[in-house]
Structures are given as C-alpha cells and as structure tokens.
Amino acid sequence: MKKHYFILAGLILLGILYPQMFPGYLSVAITLLLYAGWATAWDILGGWAGQVSLGHASFVGLGAYFVAVGTAHHEIAPWWSILMGLVAAAMLAYLWGRLTFKLKGPYFTLSTIAIAEILRLIAINEGWLTGGATGVFIMVLPEPFGLDLFSRQVNYYLALAFAATTVLIVMLISRSKFGYQLRAVREDEDSAMASGINPTTVKLKAFMISGALAALGGGIYAIFLSFIEPHIIFYLLLSVQIALTAIIGGRGTIWGPCVGAFLLVGSGEVFRTTFAEANMLIYGLLIMLVVMFMPRGIVGEPARYLIRRAYAKRAQG
Amino acid sequence: MKKWIAAASVAPWLLSAPAVLADIEVGVINSLSGPFAAFGERYQAGMEVALEEINASGGVKGEPLALAVQDDRSEATSALAAIESLNRQDVPLIMGSYASSITGPMAQLMTRQEIPLIVLGSADNSITKPGSPWVFRAKHNSSIVAESYFDYFDYLRENFDDSLETVAMLYGNGAWPESLAEEGARLAEERGYEIVGDQSYDQGTSDFRPILNRFRSEEPDILYVVAYAEDGVAIARQMREVNLNAKAVAIDTGAALPSFIDQVGDLSEYVATVVSWSKDVQYEGVEDLYERLKEKTGEEPTFYEAEGYLALRVAADALERAESLERSDVRDALAETDLDTPVTHVVFESFDGFQGQNPIRSLVLQIQDGEHVTVFPDDLAAEDVRFPTPEWDER
C-alpha cells in the first residue's frame, strides 16, 4: 500500500512542476485532471461498490451551477458555493440512493439516466433558479490572497488538488473496513448481508461520497469554462464519458480511472490536432480495442493477472 | 542507421516548412467533428472561398494569407485547448466557433489572454452583451433577429392588415430558441401585440399536435416558431394535420435551410424566416458570391457559408489596416471596421448594452413557389410579400 502513497506523492510533485515545464498546455491538463477526479469519484460507486451510474453529470452540473449561479446572481464566493454544492450533492445522492438502491443490475443504471434527465429539465426550465436554457456567465470572481481564480495556472492547481484528493480518498477507502464492505456488497449482496453488512447503507455512503466529489470537480469546471449551459453540463454524454474513463482504465482499482483519463483525454487531444475530422473515428477504434482485448480495463487486466499469479504461487507452497 | 540520421536531420526542416509557405496565418477554431460538424463544414467552405478571393487580390499587407484551422470536436474544453495551441503559434486573431456553449468560454478566455476573437457562428446575445473589447461579431444576435421578425409583422400590419394582433409562440428549450422567444415576448408587449400562446418543448419532441391544437382554439393572427431542422419540419406538417391557420407564419432556423422546402413541400409556402444573408439580397457582388459558394460546396449555399465568408473578410480587412500584426493593433483595427461585403455592411458598435456587435440588417425570407425569396426590408427585397397566408382548406 505504501507504494501507492509514494506514486501519488511523485505524481503530485510532477503535477506541481508541470505548469513551469509546459505553460502552453494547461487547458488539456486541466481537462485531464478533472476527468481523472470525476472518474475516480465515479469508481467509488461504480467500481468499488459495483453500482454503475450513468447519471454522474448531474453531480458535476450541481457543483457547477452552485458556483456559477452563486457567483453571478447572489455574489456568493466560490469556496462557499462549492461547499454548498458538496452538501447538496451528498443530499441528492442520499435521496436518489434511497429511492433507487432497491433496484438491481441494469435497472439501477436506467434509473440514474432518468434522474439525471429530470435535473437537466429543471436546469433548463426553472430560469429563476438556474438562469434557464441560455446559461450563466461567470464575469467576476473574488481574488483570495491576490489570486486570479480565472487564470489557467490557478485553475490547473485547483484541478490538481481535486484529482489528488479524490485519489487519496479512494486509497484510504480501499484499505478501510468500509472498503472491504464495499467489495463484499459488490461481489454478493446476500453473503454480505449474512455477515452483518447492511448493503443499502454501504451503497448509500459510497454514493454520497462519490456524488459530493463529482460536485467538487463540477465547481472547478464552472470556473474553468466561466460559462455554463444546462444542455452541455447535464448532458448524458458527459455521464457516459466519466463512466467510460473509469471502465477503460479499470474499475475498482486505485489508478485505473487516472490511467483512463490520461488515455482518453490525452489521446483525444493528440488525435484532434493530428487527424483532423477523422479524430472521433480513431478515438472510437481505440476504445473498442481496449474493451475487446482488456475487458477489465488497462490497469484492471494486469492487476488481475498479478493477483492470480500471487495466489497460484501461494497455493504451490 | 544512416536512414535514421538522414531522417533526423531532415525532420526539423520539415516541421518548420509550413511557416515558410504561409506568411500571415489567422487562427480558426471550428466544429469539424462531433454533433455540429455539419455546420462547421459549411463555415469552413465559406472561409475557403473568402481566402481564395483575398489571396487572388494580393493577400494581406502584400503577403499570402493562410488559415491555421483547429477542430474543437464540438466541445468547449477542446476549443480552449485549441486557443492555447494557436496562441503558441502567435496568430494575430482567432475566428470561432458555431455553438454558444463553445464560443462563450472562448470569449471569456480570449478576453483574459487579450487575443481578438471574431465570432463565427454563435448568435447568442450573451457573447457580445456585455461583451468585451476583444470580441467582435459581424453576424446577428437574438435581439436583432427577434426585432427583424417584429419589424416584419409591423410592416404587414401597416401595409396589409391592421387587425394583426395576436401571437402564438412555440420554441425548443435550447439556448437559441429560448432567447429568441424571450426577446419576442418583450417586443410583442412593447409593440402592442397580444400573446395568446407561449409554449416551449423539449428538443427531440416529435408530436406537436396537442400544442398546435391548443393554439388552434386561440386563433392567433401570427405564429412565431423557433425550431431546429427536424422539429421545424414536423411542426409545419402537423399544422396542416390539425388545421391550424394563421395570417402570418414565421419559423426561425429550421425553415431557413433548403432541405426544409424539400421535406415539407407545398406546405412550406408562405412561411417566413430571418437570415443574415440570401442569394437574392440587393447587395453588390451577391450573384458572384453565390456562384463561388455553390461551386465550392457543390450544393445550394446557405447563410452559414456566407457567415464563414464574412468572418474571414472582416479579419483580412482588419489585418490589412492594422499598424502591425500585434494583437492590440489588430483589435484597434477591428474596432474601426467599416466594410462593405456581398453579405452585409460591417461596423462594430456599442449599443443597447452590446459591445463589438455589428448592427446588421437581417433579412426576412418567404418561401414562394418552392424558393426562398427576400421580401423584407423593403429596400433589400427581391419580391413582394405574399399575404395573408391562405387557410389550409383554400390551398
């Protein structure tokens, strides 16, 4: 486990130095870090607890809207509005989970799409609350300690802090009692229940942490774009991209979602600048290849191989 | 091994080659893949026609002009990465993009980085209101388009039928339809029209009959619809099915495309729509531009190609007049633009809370005998308005 902490510390150090080394490539890095954070947050529910959600854009949207509307319409400083967004996301996850965790398998996934769609429609139609379909511009932000929150550098470090925090939380969860409960529920709910675990409570906790973290990233995303529209931010495609990033990287692994973000966002950017109109096609082919040949994800597949080899060795004595 | 050494020695030369070929490069961020690619391609074609014209007449400051094009994949995050990439190439200005969800974040970032932006396709008011000293839009916005519709309704009221009074509004819940509806409602009240129906629908709806039936019972004089392509087609067809009649019918966006007439057929007659350019508008050089755009695309050109052409003409004009290719000089030159083109006249002004916005005269087209025909404003019209729209039973 220690090695994971060393890797994280090393990556954070690299991350801190990155803007000095590549000052002209910050937007891609911010996008990559946000996706790494969102996918890791998604994985707490989707990977560790085994409940596939295709509605995580609602948490991203909730966080983004709290920041954007808070700043643009109510003059609330973004650090307070992000906090409010976190609490709101956790509460939403609680209510949402209470309603839907009785459903199993694909039915839970379908219900997440439905609830995300409801939130999208609220954002579009309740103009008094959200600014409506035309979206919200963030024109002015306070400058804490003289920091310009709009600057790419500050956006970058916020995104880095977000991604690092999320990974750290997953590391802590993976070795905690809660982490083992999650895995027990994922593998077999009935057996978990037989050993005294309440699956609904465990899943609810996972959902609340996952949702709150996604909302945190959403708040940073709003500052990064400084203009949000409900159609884009509550979009099903964003939910799918978040889930896909974690799945491609490897569900239920600490580094899988980060590797997925690196591959999908990084290759997306390389293909965009190299292959012009064909970039989406090549991107699609890449995803297909990974899914076909590494169904457990890029990190998941070798991790499984290593674990099996370790067991085999132990069995041989 | 020798091959590798040869390749390595040639590589830097190859990489620097494009910079030698093109002396002045302007940045373009356009949606060439993803959901907006169909529009992006049309803008691209228009820009290429303008580029050929500019270079044929000596380029800019005596140097050939070139486009540094970046695809935004129809996403804001990719557009922001593209800005950084073009910034590294030190382009004097950037043109882009189609959707407001992409152009909005672009305008914000480019204002902070002090790079001039010429808006390519986005018509959302919020891009130039309050705007910034670095953002310029030669095409229309939601206020200008809504005003064009109501100027047209006023014209009908004054010249044909002074009893025109009631309006029913139907619009999608996207950013553009909503903002056009909002402006429409404001103007209706201001100019003494009564709104008897006000209904938005979720984009992707295919059955409008319940709404249209409700409108029918209100007997509106004017039907004001804002809908994208497929929705517009469905609404036009279903109006006939439920026998909804109105003296004037306007369908924004959807009805402006040639495919609308192909798909709706005779039912599209009398429908009016506002655009920024049309092939029969009474500006100098329109026919020539129409032919060139048609040759480039191989199909009937629309206002999308014209807007792409317009953006690059504005860029080239500013670069030609700018004292240097420094961005602040280019921005100053853009602010002083006073340019006649076959698409429209361009000046950038501050008015009604807008900044860097061309107060463009939008055109009202009416579908007459299976063709889009410019009917308003009077001095730019190619044909007379056909009014009133006959009832379905009488057609």
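Nothing in this text is a laboratory measurement; each read-out follows from the coordinates by a stated rule. Keep in mind it's a predicted model, so treat the numbers as computed, not measured. Every residue, glycine as well, gets a Cβ built from its backbone with ideal geometry; the counts of neighbours run over all protein chains shown.
Structure above, values below:
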| read-out | value |
| --- | --- |
| Total residues in region B:112-122, condition farther than 22 Å from residue B:34 by Cβ and more than 10 Å from chain A (Cβ to nearest Cβ) | 3 |
| Residue within region B:104-121 that is buried (at least 24 other Cβ atoms within 10 Å of the Cβ) and in contact with a Lys or Arg (Cβ under 6 Å, 6 or more places away or on another chain) present | yes |
| Every residue from region B:112-137 that is of a type in the set (Ser, Thr, Tyr) and without any contact (Cβ under 8 Å) to a residue 60 or more places away in the chain | B:122, B:126 |
| Any helices (runs of 4 or more DSSP H) falling wholly within region A:231-317 and containing at least 3 residues that are among the β-branched types (Val, Ile, Thr) and out of contact with any Lys or Arg (no Cβ under 7 Å at 6 or more places or on another chain) | A:236-249, A:256-274, A:279-293 |
| Leading residue by the ranking (surrounded by the most Cβ atoms within 10 Å (Cβ to Cβ)) among those in region B:180-235 that are more than 25 Å from residue B:259 (Cα to Cα) and hydroxyl-bearing (Ser, Thr, Tyr) | B:193 |
| Residues of region B:97-111 that turn out to be touching a residue at least 40 places away in the same chain (Cβ under 8 Å) and either more than 14 Å from chain A (Cβ to nearest Cβ) or among the aliphatic types (A, V, I, L, M) (or both), as a count | 3 |
| Helices (runs of 4 or more DSSP H) enclosed by region A:143-202 - at least 2 residues per element that are of a type outside the set (Ser, Thr, Tyr) and in contact (Cβ under 8 Å) with a residue 24 or more places away in the chain | A:152-174, A:177-187 |
| Test for residue A:127: is it within 12 Å of chain B (Cβ to nearest Cβ), among the small types (Gly, Ala, Ser) and surrounded by 15 or more Cβ atoms within 10 Å (Cβ to Cβ) | no |
| Filter result for the condition that a residue is more than 30 Å from residue A:222 (Cβ to Cβ) and within 14 Å of chain A (Cβ to nearest Cβ), over B:32, B:86, B:67 | B:67 |
| Residue list for region A:130-139, filter: assigned to a loop (DSSP other than H, G, I, E, B) and either basic (Lys, Arg) or surrounded by 15 or more Cβ atoms within 10 Å (Cβ to Cβ) (or both) | A:131, A:132, A:133, A:134, A:135, A:138 |
| Residue A:264 being touching a residue at least 40 places away in the same chain (Cβ under 8 Å) and either under 30 Å from residue A:150 (Cβ atoms) or within 14 Å of chain B (Cβ to nearest Cβ) (or both) | yes |
| Test: residue B:51 is within 14 Å of another protein chain (Cβ to nearest Cβ) and either out of contact with any strand residue (DSSP E or B) (no Cβ under 7 Å at 6 or more places or on another chain) or of a type in the set (A, V, I, L, M, F, W, C) (or both) | no |
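For (1) within 14 Å of chain B (Cβ to nearest Cβ); (2) among the basic types (Lys, Arg); (3) more than 16 Å from the chain's Cα centre (by Cα); (4) surrounded by 18 or more Cβ atoms within 10 Å (Cβ to Cβ), each residue gets a yes or a no:
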| position | (1), (2), (3), (4) |
| --- | --- |
| A:17 | no, no, yes, no |
| A:28 | yes, no, yes, yes |
| A:36 | yes, no, no, yes |
| A:40 | no, no, no, yes |
| A:47 | no, no, no, yes |
| A:89 | no, no, no, yes |
| A:95 | no, no, yes, no |
| A:99 | no, no, yes, no |
